[in-house]
1. Could you please give the count of residues in segment 128-187 that are within 16 Å of the chain's Cα centre (by Cα) and of a type in the set (S, T, N, Q)?
2. If D55 satisfies every condition in (1) touching a residue at least 60 places away in the same chain (Cβ under 8 Å); (2) open to solvent by 50 Å² or more (accessible area, probe 1.4 Å) but one, which is the exception?
3. Looking at this structure, is V150 open to solvent by less than 40 Å² (accessible area, probe 1.4 Å) and either within 27 Å of E175 (Cβ to Cβ) or touching a strand residue (DSSP E or B) at 6+ places or on another chain (Cβ under 9 Å) (or both)?
4. Which of the residues spanning segment 2-32 are of a type in the set (S, T, Y) and either touching a helix residue (DSSP H, G or I) at 6+ places or on another chain (Cβ under 7 Å) or assigned to a strand (DSSP E or B) (or both)?
5. Taking L167 and the conditions (1) within 21 Å of L24 (Cα to Cα); (2) open to solvent by 30 Å² or more (accessible area, probe 1.4 Å), which numbered condition does it fall short on, given that it satisfies the others?
6. Within segment 96-109, is even one residue within 13 Å of the chain's Cα centre (by Cα), open to solvent by 10 Å² or more (accessible area, probe 1.4 Å) and aromatic (F, W, Y)?
Amino acid sequence: MKEIIKNNIINYELIRIRQNTPVLEYLKRHYFSFSLKQVSPELLEQLKISDHPIDMKYGDFIAGYGRLKGDDFGSSGGLKISDPKENILGSFIIEEKRIIYDAFRPFYKERDSFVYMYGTEFYTDMSMLDILKEELNRERQYLIYMGEKVNGCISELQFHEVSKEELLEYAQNPEKGEYSLKKRRYY
């Protein structure tokens with residue numbers, strides 16, 4: 001069983017998730033909006049037994065889910081994960097049939113990042129990479145966002161399709177994100 005902690009404002013609730021169920025899938029199924037924060041294994045243990053709120057810095061989210069603000073993949077909202085330490089640039093946008101890496105900025109620094117603030121807050125000792133690997137177990141299309149191209153008077157989003165292994169490289173190697181940001185097309 002995997003364990004996460006739900007912040008109920010006045011106390012903490014331990015939630016056990018079956019090993020074969022991805023954490024984000026469980027949270028999406030049960031909560032309208034949420035943010036997931038990585039904490040140390042020691043702090044997770046403290047939260048399990050705490051009978052009062054523990055003062056923690058707000059932020060350092062590895063995942064956020066909220067109402068989608070538009071049809072564009074880059075719109076605020078939806079399901080997104082980022083590295084809270086910002087060693088890895090940008091966000092991974094997780095959709096039903098595809099995962100898109102966008103090196104531009106972490107989801108919690110988007111202009112409309114407030115869509116993630118009003119949901120339930122959860123804590124885990126899993127890393128962003130652990131969370132992404134769970135999502136990669138499902139068959140999807142893996143894309144790198146490369147900017148926009150103007151075709152007449154219409155702007156078209158440009159993607160580069162990659163393998164699951166290459167997408168994982170973007171989650172582990174900051175140089176890959178920096179390279180993709182340099183190659184990005186701006187029109």
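The values are calculated or read from the model by the stated rules, or taken from the named source; none is laboratory data. This one's a predicted model, so the numbers in the text were calculated from it and none came from an experiment. Cβ: placed from backbone, ideal geometry, glycine included. Neighbour counts: every protein chain shown. Keep in mind that these areas ignore ligands, DNA and RNA; they rest on the heavy atoms of the full protein, side chains included. Shrake-Rupley method; radii C 1.70, N 1.55, O 1.52, S 1.80 Å.
1. Counting residues in segment 128-187 that are within 16 Å of the chain's Cα centre (by Cα) and of a type in the set (S, T, N, Q) gives 2.
2. (1)
3. Working: open to solvent by less than 40 Å² (accessible area, probe 1.4 Å): no; either within 27 Å of E175 (Cβ to Cβ) or touching a strand residue (DSSP E or B) at 6+ places or on another chain (Cβ under 9 Å) (or both): yes.
In short, no.
4. Taking segment 2-32 as the starting set, the residues that turn out to be of a type in the set (S, T, Y) are 12, 21, 26, 31.
Correct list: Y12 only.
5. Against the list (1) within 21 Å of L24 (Cα to Cα); (2) open to solvent by 30 Å² or more (accessible area, probe 1.4 Å), L167 comes up short only on (2).
6. Yes, there is a match, as at least one residue in segment 96-109 is within 13 Å of the chain's Cα centre (by Cα), open to solvent by 10 Å² or more (accessible area, probe 1.4 Å) and aromatic (F, W, Y).
Rundown of residues vs (1) closer than 30 Å to E156 by Cα; (2) at pLDDT 90 or above; (3) among the β-branched types (V, I, T); (4) within 13 Å of the chain's Cα centre (by Cα), yes/no style:
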position	(1), (2), (3), (4)
I10	no, no, yes, no
R18	no, yes, no, no
R29	no, yes, no, no
S40	no, yes, no, no
K57	no, no, no, no
D60	no, no, no, yes
A63	yes, yes, no, yes
D72	yes, no, no, no
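Quick grid of which residues meet (1) open to solvent by less than 50 Å² (accessible area, probe 1.4 Å); (2) at positive phi; (3) without any contact (Cβ under 8 Å) to a residue 24 or more places away in the chain:
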position	(1), (2), (3)
I4	yes, no, no
T21	yes, no, yes
F32	no, no, no
K48	no, no, no
I81	yes, no, no
